[in-house]
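Student: First the structure, then my questions, so here it is.
The values are calculated or read from the model by the stated rules, or taken from the named source; none is laboratory data. In this text, all values refer to a predicted model and were calculated from it rather than measured experimentally. A quick note on method: Cβ atoms are made from the backbone with ideal geometry, for glycine too, and the neighbour counts reach across all protein chains shown.
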Amino acid sequence: MVQARRTGAVGSSSMPHDDQGDGPATKPSADQPVVASPSIDVRFSYANERTFLAWNRTALALVTAGLAITQLLPPFHVPGGRRMIGIPLIVLGIVIALASLRQWRLNEKAMHAGEPLPSSPLPVLVALVIGITSITALVLAAIGGPGS
């Protein structure tokens, strides 16, 4: 796929043209909007944006869940039990929101340069934090809460 983009096989032309179609396009000036490189298919940029938005929906859900846990869940016998579960989720949501922006930018840069996409630490990070938080929740639930 990367090779197809480098050779210009993706898209209508491997060389951009000006509006009159009589020569190569000049670089946009600072006041002109930046558009996607003609060497990449816009669908890749759209897919990258959808991935970014999906990570942000995940981040928002984690922050919301963490807040609900810390504020609405009945207290555990262990002091700070709700916070042990909720705060890691809130922090993970913040990290995902910021890291997804960085990853989106790195992916866009790599696509425009015709380079392979960089790997993302987000899947491993999410799995670890949710796994550890789930184990904590299991232990707290096994200990029980007031009135159990």
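Student: Going residue by residue through segment 35-52, is there one that turns out to be over 30 Å from ILE143 (Cα atoms), modelled with pLDDT under 55, surrounded by 13 or more Cβ atoms within 10 Å (Cβ to Cβ) and touching a His at 6+ places or on another chain (Cβ under 6 Å)?
Tutor: yes
Student: Within segment 17-31, does at least one residue satisfy the condition of being among the hydroxyl-bearing types (Ser, Thr, Tyr), at pLDDT below 90 and within 26 Å of PRO116 (Cα to Cα)?
Tutor: no
Student: Pick from segment 85-125 the residues that are more than 14 Å from the chain's Cα centre (by Cα) and among the charged types (D, E, K, R): which of them is farthest from ASN56 (Cα to Cα)?
Tutor: Looking at the filtered set, the residue picked out is GLU115.
Student: If I go through segment 130-148 residue by residue, how many of them are buried (at least 16 other Cβ atoms within 10 Å of the Cβ) and over 18 Å from VAL63 (Cβ atoms)?
Tutor: The number of residues fulfilling the criteria is 1.
Student: Also, I was wondering about something else. Any chance you could count how many residues in segment 95-129 are free of Cβ contacts under 8 Å to residues at least 60 places away in the same chain, surrounded by 15 or more Cβ atoms within 10 Å (Cβ to Cβ) and part of a helix (DSSP H, G or I)?
Tutor: Residues flagged as free of Cβ contacts under 8 Å to residues at least 60 places away in the same chain, surrounded by 15 or more Cβ atoms within 10 Å (Cβ to Cβ) and part of a helix (DSSP H, G or I) within segment 95-129 amount to 11.
Student: Say we look at segment 54-88 and pick out the residues that are touching a Ser or Thr at 6+ places or on another chain (Cβ under 9 Å) and hydrophobic (A, V, I, L, M, F, W, C); which of these is surrounded by the fewest Cβ atoms within 10 Å (Cβ to Cβ)?
Tutor: Residue satisfying both the conditions and the ranking: ALA54.
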